[in-house]
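Have a look at the structure below, then the notes.
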Amino acid sequence: MSDIISIIGVGYVGLPLAIKLSKYFKVYGYDANNERIDQLKKGIDIFKDQKISNKEKKKIKFTNNINELENSNIFIVTVPTPVKKNKNPDLSHLISASKTVGSVMKRNSIVIYESTVYPGCTEEVCVPVLEKYSKLKANFDFFYGYSPERINVGDKKHKIENIKKIVSSSNKYSMKKIFKVYNSIIRAGVYKAESIKVAEAAKVIENTQRDLNIALINELSIIFSKLGINTNEVLNAALTKWNFVKYEPGLVGGHCVGVDPYYLTYKSKKIGYNPKVILSGRKTNDQMSKHVYDLVNKYAKKNHIDKKRYKVLVLGYSFKENCSDIRNSKIEDLVNHFLKKKTYIRIHDPLVIITHLNEYHQKLFLEKSEINNLKDNFFDVLILAVPHKEILGKFKFFKKKIKKNSLIIDIKSALEKNKFSQITL
Ligand SMILES: NC(=O)c1ccc[n+]([C@@H]2O[C@H](COP(=O)([O-])OP(=O)(O)OC[C@H]3O[C@@H](n4cnc5c(N)ncnc54)[C@H](O)[C@@H]3O)[C@@H](O)[C@H]2O)c1
């Protein structure tokens, strides 16, 4: 029998995977969000991260009907794994997806989880749900594996096929099959991890390491701004040493780097070890939006600009450049600091979809059509928060909207050095 694959959750991760696999297998793309399925059936991906050609549209059966999945023998789960308000893992999507799979899968099925989790989550949380809803026994009647996803939103260079894929499995039989499935689409190679826990841990530490490296540079940039030294200049000087590693200061948002470390620290606390370094880095990164706010106030005070009267223009709102994704964007926090003090503030981002913003921020949002009607010399402060190519291409235009000698904060150091008398973090 040839393999039939069902992807559970066709979002940022699930959709490109479904497209790639559909070249070699019969693929179903199941999503709990009916609106998403209706759009995908029409070939629309609202995140604009993935183009769906007519040929691909025909090859994948997008559905919100779980009964259509019952002939599948391989299930790949790519649902979100966010954190709750208290920063503990929110496993609700993973559990409900496991219930769905458990209720349709047959004997000899293989279930592969791709969602980012903590070490142990697949076997301790998901597999028992599969067993309960299928009434089948793991490793006797069905098999499972874990293969973390490493794609990078908005990154046109690192695509599924050229990122090495880690796979892990519950036994040798399913490892062979899981390896074969991914090996058919990944050109960069497939790495067999020693166990499911190893594969889960590898993914979570990739983002934890990045988070901590940025946290160190963020802390340095706070110290340097108090010392009146330009962080970029220091970094450039330090980078002349062969083993100094390049990281830049910035706001760490999104649903991966700023979230995954909490999965690891949650598990660590559960087993009795309270992690200090990882959580300290998280705290440092989370306070960077306040640091930017403080920089603006310091400038206003120095230049005798009335804090209550100044007008701020924020350019960019998504969690990183050249993508429309605003999940856990720290620009939201930054804007809130100003709103709390009733500062006049407007936001513009040519990539984000306005209805994705909360209702307060929607009111502050300048659509493309409104931008052209903005008066020149109007704003006192411009914060270049997310330097999308589209924003940088029009930067001279935006510059005209602020008063002469106004403050420009270039959070990601995207502007040519000293060209606009900008300050960087
Ligand atoms: N986006 C990335 O760049 C990226 C990179 C690496 C890893 N990851 C990880 O991959 C996982 C998926 O992330 P994403 O960005 O694709 O999320 P997403 O929100 O873009 O997509 C998830 C999809 O799953 C659907 N869904 C939620 N619950 C469901 C359920 N019970 N049954 C069926 N469908 C359900 C949602 O409607 C959504 O369309 C997460 O664990 C994330 O941390 C994401």
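The values are calculated or read from the model by the stated rules, or taken from the named source; none is laboratory data. In this text the structure is predicted, and so the values were computed from the model without any measurement. FYI the Cβ positions are ideal-geometry reconstructions off the backbone, even for glycines, and counts take in every protein chain you see.
Some notes on this structure:
- Residue satisfying condition, being in contact with a helix residue (DSSP H, G or I) (Cβ under 9 Å, 6 or more places away or on another chain) and modelled with pLDDT under 95, within set Ile391, Ile347, Ile354: Ile354
- Restricting attention to segment 348-379, the residues that are touching a strand residue (DSSP E or B) at 6+ places or on another chain (Cβ under 7 Å) and hydrophobic (A, V, I, L, M, F, W, C) add up to 8.
- Candidates Ile271, Ile278: the one that is more than 19 Å from the chain's Cα centre (by Cα) and not basic (Lys, Arg) is Ile271.
- Any chance Lys180 is buried (at least 16 other Cβ atoms within 10 Å of the Cβ), at pLDDT 95 or above and not assigned by TED's automatic domain parsing to the domain that holds Asn297: no
- The lone exception for Val314 - which of (1) in contact with a Ser or Thr (Cβ under 9 Å, 6 or more places away or on another chain); (2) modelled with pLDDT of 95 or more it fails: (1)
- Some residue of segment 362-381 being in contact (Cβ under 8 Å) with a residue 12 or more places away in the chain and within 29 Å of Asn236 (Cβ to Cβ): yes
- Residues that are in contact with a strand residue (DSSP E or B) (Cβ under 7 Å, 6 or more places away or on another chain) and modelled with pLDDT under 95 within segment 132-173 comprise Ser170, Asn171, Tyr173, listed in sequence order.
- Within segment 245-264, considering residues that are buried (at least 22 other Cβ atoms within 10 Å of the Cβ) and hydroxyl-bearing (Ser, Thr, Tyr), the one nearest to the ligand (Cβ to nearest atom): Tyr263
- If you go through segment 76-129 and keep only what is away from the ligand (no atom under 11 Å from the Cβ), over 22 Å from the mean Cα position of the chain (by Cα) and not β-branched (Val, Ile, Thr), you end up with Gly102, Ser103, Met105, Lys106, Arg107, Asn108, Ser109, Gly120, Glu123, Glu124, Cys126, Pro128.
- Lys340 out of contact with any strand residue (DSSP E or B) (no Cβ under 9 Å at 6 or more places or on another chain) and more than 27 Å from Thr284 (Cβ to Cβ): no
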